[in-house]
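One structure below.
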Amino acid sequence: MAYSEAQVLAGGLAHIPIIVGIFGFIQKFILNKTNPNKQTKKSSAQIKEPLSKPSLAKTIKKPDHSNVPVNTYRPKTPFLGKVTENYSLLSDGAIGRVNHITFDLSGGDPLLKYVEGQSIGIIPAGEDAKGKPHKIRLYSIASTRHGDNFKGNTVSLCVRQLQYEKDGETIDGVCSTYLCNISPGEKVKITGPVGKEMLLPDQEDANIIMLATGTGIAPMRAYLRRMFEPTEREKNNWSFKGKAWLFMGAPKTANLLYDDDFERYKSKFPENMRYTKAISREQKNTKGGRMYIQDKVLEHAEEIFALIENPKTHIYLCGLKGMEPGIDEAMSKAASTKGLNWSELRPQLKKEGRWHVETY
Ligand code: FAD
Ligand code: A2P
């Protein structure tokens, strides 16, 4: 029988775990020979095989994302999507402005298709101060591939209007203001989709830990709809059976985004969904400061690390760039209580395709 190059390569790759296993065995044997006391000196916490070892030994095959669409529409030839909805996601008393905006994608040639966890680019109408067309801004997609109407022909975003003070003047962000002000019927230049960092695994029994601040909830909303929204489940033929745990950070209760939907999922799927909120300006952390999601991560460190030990667990981080050091610090502290080293574990989770970060 003739073998194709791909088959030979696949055959070769299939032997890697065996070779790695033999190499590990020889390495262990040599280490024990050269330093027989090494193991007996360790504390009981350290004796526990570090997380990194078993999860590496069982190295999970990274999913094949080659079919995920990217850059169907580029900046020079964007798709013109028609706005179908634009409404506020905030309740009375909230800080700022955050809107849910939906675009009709029908009629594209080729069709603009995407999957959960990707982003699209928006080119705001008008010109910049130099008279040049505005540059693209990226936005995480907040809908599933079937769209909010389940017809597969729309995309939705969750956009916070950027506003800041400079020299006593309020400056409005160009694209976020354009999007928050846009009316149904208007056409918008859309590019993409882009991104493969935040895709969901295929397994129905995967565990998904989500850490979101503000509009970082956008991809999480798409995941949670894919997992728990009844019509979406019928459409996608993907019966999620794992644990989904959302940590959401917002300044006030009135700023929580899609909260009613998440509460509904939690009550319908209590075995599968957990929802932990850090309301920074209403709750206090143990030091008396603002409650951030990293404080909640620390509070639940034991359970989070028990989940991470399962190679089917993925962690997704999305939202403010500023939260990354805080999350890292919390994970380091939590890891060390289990005798683990986060600075080794994190790159390993990344290598295994289980640590997903998109911050801005
Ligand atoms: P601009 O007019 O471009 O102004 C931004 C600039 O203003 C900054 O570059 C900085 O120079 C300046 N600036 C900002 N804040 C201050 C300040 N406090 N003081 C002084 N100067 C300041 N946004 C969302 O709302 N939702 C999303 O889902 C989302 N997803 C994203 C996904 C990705 C992958 C990326 C990269 C970004 C995402 N963003 C998202 C952010 C989004 O792309 C834009 O950056 C954001 O909307 C601001 O764009 P703008 O045109 O309104 O602001
Ligand atoms: P705060 O603004 O009270 O300091 P939004 O985008 O709606 O403003 O929500 C972002 C949330 O993330 C807010 O609750 C904000 O708190 C919080 N936040 C701000 N900085 C950090 C940080 N470094 N780490 C984690 N959360 C943060």
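Assorted remarks:
- Only one of K277, K333, K268, K350 that is charged (D, E, K, R) and under 16 Å from the mean Cα position of the chain (by Cα): K350
- Counting only helices (runs of 4 or more DSSP H) that sit completely within the stretch 183-277, those holding 1 or more residues that are among the small types (G, A, S) and open to solvent by 50 Å² or more (accessible area, probe 1.4 Å) correspond to 259-268.
- Scoring L179 on the criteria (1) touching a residue at least 60 places away in the same chain (Cβ under 8 Å); (2) over 23 Å from K76 (Cα atoms); (3) out of contact with any helix residue (DSSP H, G or I) (no Cβ under 8 Å at 6 or more places or on another chain); (4) aliphatic (A, V, I, L, M) leaves a single failure, condition (2).
- Test: residue in the stretch 274-284 that is away from ligand 2 (no atom under 15 Å from the Cβ) and within 25 Å of I141 (Cβ to Cβ): yes
- If you go through the stretch 271-289 and keep only what is without any contact (Cβ under 8 Å) to a residue 40 or more places away in the chain and hydrophobic (A, V, I, L, M, F, W, C), you end up with A278, I279.
Listed here are the residues, each with its yes/no results for (1) away from ligand 2 (no atom under 16 Å from the Cβ); (2) open to solvent by 80 Å² or more (accessible area, probe 1.4 Å); (3) of a type in the set (F, W, Y).
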| residue | (1), (2), (3) |
| --- | --- |
| F103 | yes, no, yes |
| I123 | yes, no, no |
| A129 | yes, yes, no |
| H134 | yes, no, no |
| Y139 | no, no, yes |
| R145 | yes, yes, no |
| N149 | yes, no, no |
| C158 | no, no, no |
| Y178 | yes, no, yes |
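- Residue satisfying all of: in the stretch 309-360; crowded, with 21+ Cβ neighbours inside 10 Å and within 16 Å of ligand 1 (Cβ to nearest atom); nearest to Q294 (Cα to Cα) among these: M323
- Test: residue in the stretch 344-360 that is on the phi > 0 side of the Ramachandran plot and either part of a strand (DSSP E or B) or in contact with a Gly (Cβ under 7 Å, 6 or more places away or on another chain) (or both): no
- Residue within the stretch 279-293 that is under 25 Å from L199 (Cβ atoms) and open to solvent by less than 30 Å² (accessible area, probe 1.4 Å) present: yes
- Within the stretch 92-148, if we keep just the residues that are among the hydrophobic types (A, V, I, L, M, F, W, C) and not in a loop (DSSP other than H, G, I, E, B), the residue that is farthest from G81 (Cα to Cα) turns out to be V98.
- Contact map, the stretch 200-226: first residue on the phi < 0 side of the Ramachandran plot, second residue among the hydroxyl-bearing types (S, T, Y) and open to solvent by 10 Å² or more (accessible area, probe 1.4 Å), Cβ cut-off under 6 Å, separation 6 or more or different chains; pairs are E204/S239; A218/S140; P219/S140; R221/Y258.
The values are calculated or read from the model by the stated rules, or taken from the named source; none is laboratory data. These numbers come from a predicted model, not from an experiment. Heads up, the Cβs are rebuilt from the backbone with ideal geometry, glycines too, and the neighbour counts pull from every protein chain shown. To get the accessible areas, we keep the full protein, side chains included, count just its heavy atoms, and leave off ligands, DNA and RNA. Shrake-Rupley method; radii C 1.70, N 1.55, O 1.52, S 1.80 Å.
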